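So the structure is just underneath, and the comments pick up after that.
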Amino acid sequence: MIELSHINKSFVEFQVLDDISLQVTEGSVTALVGPSGGGKSTLLRCINLLEIPTSGTIRLGDAVVELSPGKKPGWNEIQKIRRQTGMIFQNFQLFPHRTALENVMEGLVTVLKWPREKANAHARELLAKVGMAHKADAWPSTLSGGQQQRVAIARALAMSPRVLLCDEPTSALDPELATEVVEVLSKLASEGTTMVIATHDLRLASRVADHAVFLEAGKVVEQGPADRVFGAPQQERTRRFVSSINASQGGYGEGI
Ligand SMILES: Nc1ncnc2c1ncn2[C@@H]1O[C@H](COP(=O)(O)OP(=O)(O)O)[C@@H](O)[C@H]1O
Ligand SMILES: [Mg+2]
């Protein structure tokens with residue numbers, strides 16, 4: 001459903017993504033893992049054209065964008081891709097002057113032009129899905145990080161994206177609050193939500209992902225079924241990374 005072919009991205013002279021190709025099938029969860037600076041966020045942002053790749057092809061549903069130096073996609077092409085994606089950020093990025101409910105309603109009312117009553121009812125359903133119905137009228141600043149992230153997930157789901165792109169969704173949270181976000185993402189995965197998650201939280205990745213891609217210095221070092229990449233990595237580099245993370249995360253990797 002998503003196909004990236006030979007994606008390259010350079011910032012001025014510096015090549016951040018080097019010939020990345022990967023496929024994400026409908027209903028699957030892909031984890032992008034690897035050391036900091038490896039290109040995970042940039043790759044995620046290339047999928048919805050928040051960053052424009054220097055070259056390569058992106059296919060998302062029936063939208064196809066081919067990129068090459070000197071060939072920038074048009075606004076309509078960008079929108080065709082972006083409308084099919086929802087994004088979750090490390091720092092939540094809720095609108096601070098809107099309640100949880102209003103955050104979730106916002107896109108329905110302003111972008112999709114739903115009547116307020118219908119948007120309100122759907123937003124309440126989505127808040128219930130992420131276990132936040134009881135905080136519908138709360139301001140973001142009064143919510144814990146885990147609660148804010150769950151509202152942000154409900155807000156992204158409101159636009160019915162084909163794929164949810166998550167950039168380090170648990171990284172700003174201490175382990176207990178991260179758990180509640182992992183639970184929600186895991187539930188969405190089991191319901192068949194297609195997701196691509198950049199994360200260094202191997203507990204999240206091993207719990208939720210079917211497919212794992214290990215990126216370092218802009219290159220795919222290894223990719224395959226998540227249980228194999230985490231449990232029996234083929235590459236020495238991946239093996240070292242997985243064991244160092246498991247050690248530092250105090251056994252998060254258990255059960256992989
Ligand atoms: N806007 C930018 N301009 C220049 N360099 C950037 C920009 N964004 C990211 N980079 C560089 O690209 C590399 C990959 O970054 P990033 O995708 O954020 O990696 P990760 O998410 O794996 O930590 C890093 O070396 C980073 O400094
Ligand atoms: Mg990143």
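Please report the orientation-averaged projected area of the chain, defined via the convex hull of its C-alpha atoms, in nm².
Values: hull surface 54.6 nm².
Its average projected convex-hull area is 13.7 nm².
Taking the Cα centre of the chain as origin, sum charge times position over the Cβ atoms of Lys and Arg (+1) and Asp and Glu (-1), and report the length of that vector in debye to the nearest 20. Numbers along the way, then the final one.
Numbers: 27 positive and 28 negative charges, 116 e Å.
With Lys and Arg at +1 and Asp and Glu at -1, about 560 debye.
Just to be sure I understand: if I project the alpha-carbon convex hull of the stretch 91-160 onto a plane and average over all orientations, what area do I get in nm²? Working shown, then result.
Details: hull surface 16.2 nm².
For the stretch 91-160, the mean projected area of the Cα convex hull comes to 4.1 nm².
So what is the accessible area of the chain per residue, in Å², with the probe set to 1.4 Å?
In whole numbers, the chain has 46 Å² accessible per residue.
Grab the beta carbon distance between Ala247 and Gln23, set R0 = 30 Å, and tell me the FRET efficiency rounded to 0.05.
Step by step, r from the Cβ atoms, then E = 0.40.
Pull out the extension gain between Asn76 and Ser144, defined as 0.36 nm times the separation in residues minus the alpha carbon to alpha carbon distance; nm, one decimal.
Numbers: separation 68, 0.36 × 68 = 24.48 nm, distance 3.75 nm.
Extending this stretch completely gives an extra 20.7 nm.
Would you work out what percent of the accessible area of the chain, with all protein chains in place, is carbon or sulfur (probe 1.4 Å)?
Reported share for carbon and sulfur atoms: 49 percent.
To the nearest 0.05, what FRET efficiency results for Arg239 and Phe11 with a Förster distance of 25 Å applied to their C-beta separation?
Working: r = 30 Å, r/R0 = 1.20.
Rounded to the nearest 0.05, the efficiency is 0.25.
Add -39500 (n - 2.57) for each DSSP H run of 4 or more in the chain, then divide by its residues: what number comes out at 222 nm, to the nearest 500 deg cm²/dmol?
Numbers: 9 runs with 97 residues, N = 256.
-11500 deg cm²/dmol, from helical runs alone.
Can you give the longest stretch of the chain with no exposed loop site, where a site means GluC sites (Glu not before Pro) in a DSSP loop (not H, G, I, E or B) with at most 15 other C-beta atoms within 10 Å?
Maximal segment without exposed cleavage sites: 27-190.
The values are calculated or read from the model by the stated rules, or taken from the named source; none is laboratory data. It should be emphasised that the depicted structure is a prediction, and the values quoted were computed from it without experimental measurement. Cβ sites come from the backbone with ideal geometry, for glycine too, and all protein chains shown count toward neighbours. Remember, those area values only see protein heavy atoms, side chains included, never the ligands or the DNA or RNA. Shrake-Rupley method; radii C 1.70, N 1.55, O 1.52, S 1.80 Å.
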